[in-house]
1. How large is the dipole of the chain about the Cα centre if only Lys and Arg carry +1 and Asp and Glu carry -1, each at its Cβ, rounded to the nearest 20 debye?
2. In Å, what Rg and Dmax follow from the Cα atoms of region 299-345?
3. Which translational diffusion coefficient, to the nearest whole µm²/s, is obtained for region 196-284 from the Stokes-Einstein equation, given a Kirkwood hydrodynamic radius over C-alpha pairs, 20 °C and 1.002 mPa s?
4. Only helical DSSP H runs with n ≥ 4 go in: add -39500 (n - 2.57) per run for the chain, normalise by residue count and round the 222 nm mean residue ellipticity to 500 deg cm²/dmol.
5. Averaging over all projection directions, find the projected area of the Cα convex hull of region 73-114 and quote it in nm² with one decimal place.
6. Out of Leu40, Ile88, Val151, whose Cα points farthest toward the positive end of the dipole of the chain (charges: +1 Lys, Arg; -1 Asp, Glu; placed on Cβ)?
7. Could you list, in their original order, any pairs among Lys26/Lys343; Lys2/Lys26; Lys16/Lys42; Lys53/Lys350; Lys198/Lys351 whose Cα atoms are separated by more than 21 Å?
8. Given a cut-off of under 8 Å on Cα pairs at least six residues apart, what relative contact order in percent is computed for region 55-195?
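Each reported figure results from applying straightforward, stated rules to the coordinates on display, with no laboratory input. Owing to the predicted nature of the structure, the values given are computational and were not obtained by experimental measurement. We place every Cβ from the backbone using ideal geometry, glycine too, and count neighbours over all the protein chains shown.
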Amino acid sequence: MKLLLTYASAGSGHFKAAQALYNYLKENCPQIDLKLIDILDKTNYFFRFFYTKGYSFLIRHLIFLWRLLFWITQFKPFRPVARLIGDILNRLNTSRFAEFLIREDFDCIISTHFLPSEIASNLKRAQKIKTRLVTVITDYGVHPFWISDGVDIYIVASGFTRRQLLLEGIAQDRVKECGIPIDQKFLRQYDKASLAKKLDLDPAKFTALIMTGSFGLGHLEKIVDALYHDMQVLVVCANNKRLFARLKKRGLEDVRVFGLIDNVQELMSISDIIITKPGGLSISEALNMELVPLFIASIPGQEECNARLLKECGIAFIPGSIQEIRNIAIDLKNHQDKLKSVKDNIRIIKKPNVLGEICHVICQGSAGLSCPGPL
């Protein structure tokens, strides 16, 4: 069986989801002829620049324009025009990817971004490929761009996501509620006492983890100042080197400062709450580690939708100010029954077998293929 895992490197989440599935399938289904491809590597320079640098520029400097674009492309009366313009631009700039799909003739394509799904769907409608197409939606909400006629199966994060697709007219048997794929390190159990010793932390202290992804957005230093007198604080500065240097220089008691790291699962395991952006992958990682999320610095559109949904489910908070962040954190620290109640809700929605579940869905539609199913 020839299988393609494909994504677009606009933000890190789509790649991380595809890579998590790739690593799991390589380990558990070695009989599959498997490829992992960034669709943008098979486009022209300007299109690739728009999707990568253009996205980060809008998020950092023109957030109002991003909000407007998201609203226009989602608003029902404007959808046909937005979709038509997008389809023309995508066809003009992704011809090498389309040729690659036709030439390779994959048995199954799994896409963690809407762009590869759209191109593959167009080719299916034109009868240029007969590939089974699986789209993995990496947020809890559903933007219309995720929906394409040629998609055979949608993998979704939650029952709410599933209901949104059904309202858009997608048949029930085409929607599988497996979760968002995350690295296996977030699906394991860790010994808190051992990790505390390794990280030089006190396992008995209430601990807040603060991180906002690769952009390092948000008023992190002010949040640290609001919390560190009352709890242990772990701060992941990511690419924000100035913040890292300032916090390191201050040497605050009970504050540990990190830059770009590859052991975030250890920090999550030792923590009680996480103050972070509501990206789909970040949410899934945190929920599987049973961390109570406080969402800040939401990017308009999908992240705002993610945050609202999880708040409605009783498993997250959306503080409107630094003082409110402090109030919520102190309240959870001082009332362990409230903390336990939120974690009980998290256990309902978390997907600890997400990779096995998705693998099982893939195998169900592929004759002669055997993969480990849900645990």
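1. 660
2. Over region 299-345's Cα set, Rg and Dmax evaluate to 11.8, 34 Å.
3. Value of D from the Cα-based Kirkwood radius: 164 µm²/s.
4. -14000 deg cm²/dmol
5. With the hull built on Cα positions only, its mean projection is 3.8 nm².
6. With unit charges placed on the Cβ atoms, the residue in question is Ile88.
7. Working: Lys26/Lys343 33 Å; Lys2/Lys26 13 Å; Lys16/Lys42 19 Å; Lys53/Lys350 33 Å; Lys198/Lys351 28 Å.
Beyond 21 Å: Lys26/Lys343; Lys53/Lys350; Lys198/Lys351.
8. The normalised contact order for region 55-195 reaches 16 percent.
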